[in-house]
Amino acid sequence: MYEWQKQIQIIVDEIDQCIQQRSVESITLQYLSRKLGYSEFHTTRKFKEISGVPFRDYLRYRTLAFALKEVRDSEKGLLDIAFQYGFSSHEAFTRAFKTTYGITPSEYRKKPTPVVLRTKINAFDRYFLGLGEIGMIKSTDDIKMYFVTIPAHKFLHIKNDESNGYWDFWQKQNRIPGQDFETITGLLDSIKGKLDDDGGSESNSSAGQIMAYLNDPNGRRCDWGIPRTECYGVRLPLDYKGEVPPQMLMMEVPEGEYVVFEHGPFDYEQENRSAEEKIEKAMTAFDFTGSEYCMDTSSGRITYLYFNPDQALKYIRPVRKL
């Protein structure tokens, strides 16, 4: 099974690469199945078995996700976008767009509302599959620690006061209609103006999306001894006035002081657990002596976790001046 998940990941990566290179027409089941060395029938069956969606549907949804961001963020004509992403006409593009998102491209451009985009499938994830890291590389980079002041902003999110960690969070959320991983990440991916966005579908489909831990007297007590509620969402400008999806919450986060624990870029498959252990050790051993700060455990303060192996692993924890 693991071997097939690797094969499906090759297909998924190839699809995104072809879309980014504006060569949607080259993505055929025949081409991909030959690349893997299997029949089209076998490849189709395995793709649906592992991804949960037929190949052709995934390709269409993923292509539309890229096209939607062009409609939202660029000034290109809709016909140009239609041709760029492999649609034969403006009408065909409009029909597919409205069928998928319930709104036409022109209507969406005038008023971008949250819609569920098809985010990239990660069929082969060593940690999700319980395989752990390969262990061939061990980073020796030190953890950077520094204090910052973060301006006031908004945080659009879902929360779960019973979960314990990222995987448990999504296992519990996946049991709640409309709050599953695919729906929530797809909605958040479609929102424009995220403070931490680095390109969305053009690079990492979860760009701008972060875990967070809200100090909450009614929450679960974490390893740090602080009752907290786990959240997942995006930071938005304080003046954001866009629509809030009904299954999500919006909170205003006032300007505040934080301490940052940052590990630089790392190889996810080979170093993930090592990077996590390093940063956890640094947080446990951190001594505030000599600084003018202490940890702020008051209700309502929030810790952010940024996880992007290509850039950094960062915990941003609230502090207050003595």
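Just a few scattered comments:
- Only one of the numbered conditions (1) touching a residue at least 24 places away in the same chain (Cβ under 8 Å); (2) more than 21 Å from the chain's Cα centre (by Cα); (3) more than 14 Å from Ile302 (Cβ to Cβ) is not met by Ile226, and that is (3).
- The set of residues in the stretch 74-101 that are among the aromatic types (Phe, Trp, Tyr) and within 17 Å of Val116 (Cα to Cα) comprises Phe97, Tyr101.
- Lone qualifier among Phe155, Phe55, Phe124, Phe87 - being closer than 30 Å to Lys281 by Cβ, at pLDDT below 95 and surrounded by 17 or more Cβ atoms within 10 Å (Cβ to Cβ): Phe124
- Any hit, the stretch 259-275, residues being under 23 Å from Pro217 (Cβ atoms) and assigned to a strand (DSSP E or B): yes
- Considering the stretch 19-45, and only residues there that are at pLDDT below 85 and among the aromatic types (Phe, Trp, Tyr), the residue that is nearest to Thr63 (Cα to Cα) turns out to be Tyr31.
Residues are listed down the side, and each one gets a yes or a no for (1) modelled with pLDDT under 90; (2) assigned to a helix (DSSP H, G or I):
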position: Thr99; (1), (2): no, yes
position: Ile103; (1), (2): no, no
position: Thr113; (1), (2): no, no
position: Leu117; (1), (2): no, no
position: Gly130; (1), (2): yes, no
position: Asn164; (1), (2): yes, no
position: Lys172; (1), (2): no, yes
position: Thr183; (1), (2): no, yes
position: Gly186; (1), (2): no, yes
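- Sole residue being over 25 Å from Asn122 (Cα atoms), in contact with an Asp or Glu (Cβ under 7 Å, 6 or more places away or on another chain) and either in contact (Cβ under 8 Å) with a residue 24 or more places away in the chain or outside the structural domain of Thr149 (by TED's automatic domain parsing) (or both), chosen from Pro237, Pro265, Pro318: Pro318
- Taking every residue in the stretch 295-307 that is in the same structural domain as Ser206 (by TED's automatic domain parsing) and pairing it with any residue that is of a type in the set (A, V, I, L, M) and not in a strand (DSSP E or B), at least 6 positions away or on another chain, the pairs with Cβ-Cβ distances below 9 Å are Met295/Ile226; Thr297/Ile226; Thr303/Ile226.
- Selection status of Gly300, among the small types (Gly, Ala, Ser) and part of a strand (DSSP E or B): no
- Within the stretch 276-291, the residues that satisfy the criterion of being surrounded by fewer than 14 Cβ atoms within 10 Å (Cβ to Cβ) and outside any helix (DSSP H, G or I) are Asp287, Phe288, Thr289, Gly290, Ser291.
- Pairs, first under 21 Å from Tyr240 (Cα atoms) in the stretch 107-121, second of a type in the set (Lys, Arg) and at pLDDT 95 or above, C-beta under 9 Å, six or more apart: Glu107/Lys98
- Every residue from the stretch 22-64 that is among the basic types (Lys, Arg) and under 24 Å from Ala96 (Cβ atoms): Arg22, Lys48, Arg56, Arg60, Arg62
- Of all the numbered requirements in (1) modelled with pLDDT of 90 or more; (2) in contact with an Asp or Glu (Cβ under 9 Å, 6 or more places away or on another chain); (3) not small (Gly, Ala, Ser), Asp223 misses one, and that requirement is (1).
- When the criteria are applied in full, Tyr61 fails the requirement of being surrounded by 14 or more Cβ atoms within 10 Å (Cβ to Cβ), modelled with pLDDT of 85 or more and in contact with a Phe, Trp or Tyr (Cβ under 8 Å, 6 or more places away or on another chain).
The values are calculated or read from the model by the stated rules, or taken from the named source; none is laboratory data. Just so you know, these numbers come straight off a predicted model, no measurement behind them. Here Cβ is always computed from backbone atoms with ideal geometry, including for glycine, and neighbour counts include all displayed protein chains.
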